Amino acid sequence: MKNILVPVGSSKNAVSHLQYAVDFAKAFGAKIYVVQVYNVYSKAGTMIKIDHILERESYEFLKKHVSKVDTKGVEVVVKSFKGKLVDTLELVCHSLDIDLIMIEPRTNSLRDEVYLGKTSGKIIKQTNIPALIVPEGLTFKPIVYILVALKSAVIKKEEALLPLIAIKEQFRSIVNLLLVKTPFYNEGDFEVNPDLAKLVTNTTKTENATTFQGVLEHYKENDPDMLCVVRRKRGFFSKLWEKNTILKKDFQSNTLPVLVLSGVK
C-alpha cells in the first residue's frame with residue numbers, strides 16, 4: 001500500500017481523522033494525499049469567475065489543516081480540485097494511483113444519530129474505490145483481528161483483495177470469515193476463492209435476511225479490530241444504500257473501522 005487519499009470536509013473530527021490516516025500510513029511507509037474538492041461558481045450578475053479564489057483558499061485551508069497534526073515523517077501532499085465530488089475523486093484516485101481512500105463517517109453532518117453523513121455515504125455508495133471508514137476520534141492501533149463478512153465468497157477480480165492482503169501482511173492479522181446465507185443465496189456462493197482462503201484462519205456460516213444482519217449478530221463475539229465488507233449493488237449495505245445518509249441505529253459501530261473493498265465480480 002503506497003498511496004492513501006484523505007478527502008477533507010468541514011467536520012470537527014477532521015484533525016483526528018487525518019492523524020489516524022498519518023499513523024496508518026506510517027505503518028506502511030505510504031504517502032498521503034490530503035485533498036479537497038470544490039465546485040466552480042460564477043458571481044451573480046458578473047462574468048468574474050471565483051474558482052481561482054476558491055482554489056487558493058482551499059489550498060491554504062489544507063496546509064493549515066495539515067499543520068495541526070504530527071506527520072511523523074510521513075510524506076503528506078496537499079491538493080485541491082474543482083469539480084463534482086464523486087467524479088473528481090474517481091479521476092484523482094486513478095491519476096494518483098490511490099490504493100485506499102480514508103473516509104470520515106460524518107464530514108459535515110451535525111446530527112448525532114448519523115453514522116455516515118451525506119457526503120461520506122455518497123463516496124461509499126457511488127465510487128468503486130477501496131475505502132476505510134474510520135470512526136470519529138479513533139486512535140490508531142495495530143489491526144490484529146479482521147472480520148470479513150460476505151454473502152458470496154465468489155471472487156473474480158482478485159485485485160479487489162489487495163487492500164485486505166496488504167493489511168494482513170503488515171500487521172500479521174488474523175482474518176476470520178463470516179459467510180451469510182441470505183434469501184439471495186446461489187449454489188456455490190460459499191465456495192471460497194483460493195486467494196481468500198489463504199488469508200482466512202476461521203470460517204463461520206450463518207443464515208440471516210441480509211449480510212448486514214449477520215454482522216450485527218456475530219461481530220461482537222469475534223471482537224475484531226476491523227470489519228471488512230464488499231461493495232456490491234445489493235451487498236452488506238443493501239439495506240442502507242437507499243439513501244446516502246446512514247444512521248447509527250442502523251449500524252452501531254463507534255469504534256470499529258470498516259474496510260470496504262471494491263466490487264469483486
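The values are calculated or read from the model by the stated rules, or taken from the named source; none is laboratory data. Quantities reported herein were computed from a predicted structural model and do not represent experimental measurements. Methodologically, a virtual Cβ is constructed for each residue, glycine included, from the backbone with ideal geometry; neighbour enumeration extends over all protein chains shown. These accessible areas exclude ligands, DNA and RNA; they are computed on the full protein's heavy atoms, side chains included. Shrake-Rupley method; radii C 1.70, N 1.55, O 1.52, S 1.80 Å.
Go through region 60-84 and count every residue that is open to solvent by 50 Å² or more (accessible area, probe 1.4 Å) and part of a helix (DSSP H, G or I). Walk me through it before giving the result.
Going residue by residue through region 60-84, those that are open to solvent by 50 Å² or more (accessible area, probe 1.4 Å) are 60-61, 63-64, 67-68, 70, 72-73, 75, 79, 81-82, 84.
Of the ones still in play, those that are also part of a helix (DSSP H, G or I) are 60-61, 63-64.
Selection size over region 60-84: 4.
Checking residue 26 against (1) open to solvent by 90 Å² or more (accessible area, probe 1.4 Å); (2) at pLDDT below 95; (3) not hydroxyl-bearing (Ser, Thr, Tyr), only one condition comes out false. Which one?
Residue 26 satisfies all of (1) open to solvent by 90 Å² or more (accessible area, probe 1.4 Å); (2) at pLDDT below 95; (3) not hydroxyl-bearing (Ser, Thr, Tyr) except (2).
When you check residue 149 against the structure, is it open to solvent by less than 50 Å² (accessible area, probe 1.4 Å) and under 22 Å from residue 92 (Cα atoms), yes or no?
On the way: open to solvent by less than 50 Å² (accessible area, probe 1.4 Å): yes; under 22 Å from residue 92 (Cα atoms): no.
So residue 149 does not fit the description; no.
Hey, does region 102-120 have a residue that's at pLDDT below 75, open to solvent by 50 Å² or more (accessible area, probe 1.4 Å), outside the structural domain of residue 201 (by the TED database) and not in a loop (DSSP other than H, G, I, E, B)?
Yes, the conditions are met somewhere in region 102-120.
Can you tell me which residues in region 160-176 are touching a residue at least 60 places away in the same chain (Cβ under 8 Å) and open to solvent by 40 Å² or more (accessible area, probe 1.4 Å)?
Within region 160-176, the subset touching a residue at least 60 places away in the same chain (Cβ under 8 Å) is 160-164, 166-167, 170-171.
Scanning region 160-176 gives 162, 170.
Counting only residues that are assigned to a loop (DSSP other than H, G, I, E, B) and among the hydrophobic types (A, V, I, L, M, F, W, C), how many does region 169-220 have? If you could, list the steps in order and put the result at the bottom.
Residues of region 169-220 assigned to a loop (DSSP other than H, G, I, E, B): 172-173, 182-193, 198-199, 208-210.
Subsequent filtering for residues that are among the hydrophobic types (A, V, I, L, M, F, W, C) retains 184, 190, 192, 199, 209.
So the count comes out to 5.
From 204, 127, 139, which residue is open to solvent by 40 Å² or more (accessible area, probe 1.4 Å), closer than 25 Å to residue 1 by Cβ, among the hydroxyl-bearing types (Ser, Thr, Tyr) and not assigned by the TED database to the domain that holds residue 20?
Values: 204 fails: closer than 25 Å to residue 1 by Cβ; 127 fails: open to solvent by 40 Å² or more (accessible area, probe 1.4 Å).
Being open to solvent by 40 Å² or more (accessible area, probe 1.4 Å), closer than 25 Å to residue 1 by Cβ, among the hydroxyl-bearing types (Ser, Thr, Tyr) and not assigned by the TED database to the domain that holds residue 20 holds for just one of 204, 127, 139, which is 139.
With the checklist (1) over 16 Å from residue 213 (Cβ atoms); (2) β-branched (Val, Ile, Thr); (3) in a strand (DSSP E or B) in hand, flag the one item residue 154 doesn't pass.
(3)
Mind checking whether some residue in region 200-221 is of a type in the set (Asp, Glu) and either in contact with a Phe, Trp or Tyr (Cβ under 7 Å, 6 or more places away or on another chain) or modelled with pLDDT under 80 (or both)?
First, the residues of region 200-221 that are of a type in the set (Asp, Glu): 207, 217, 221.
Now drop any that are not either in contact with a Phe, Trp or Tyr (Cβ under 7 Å, 6 or more places away or on another chain) or modelled with pLDDT under 80 (or both), which leaves none.
No; the residues of region 200-221 include none that is of a type in the set (Asp, Glu) and either in contact with a Phe, Trp or Tyr (Cβ under 7 Å, 6 or more places away or on another chain) or modelled with pLDDT under 80 (or both).
Quickly run through region 177-198 and pick out the residues that are in contact (Cβ under 8 Å) with a residue 40 or more places away in the chain, surrounded by fewer than 20 Cβ atoms within 10 Å (Cβ to Cβ) and within 24 Å of the chain's Cα centre (by Cα).
Of the residues in region 177-198, the ones in contact (Cβ under 8 Å) with a residue 40 or more places away in the chain are 178, 184, 193, 195-196.
Checking which are surrounded by fewer than 20 Cβ atoms within 10 Å (Cβ to Cβ) leaves us with 184, 193, 195.
Scanning region 177-198 gives 193, 195.
Among the residues of region 222-256 satisfying the criterion of being more than 16 Å from the chain's Cα centre (by Cα) and at pLDDT 60 or above, which is least open to solvent (accessible area, probe 1.4 Å)?
Filtering first and then ranking leaves 224.
Within region 29-45, which residues are at pLDDT 95 or above, at negative phi and assigned to a loop (DSSP other than H, G, I, E, B)? Explain how you work it out, then say what you get.
Of region 29-45, the ones at pLDDT 95 or above are 29-34.
If we keep only those that are at negative phi too, we end up with 30-34.
Passing the criteria: only 30.
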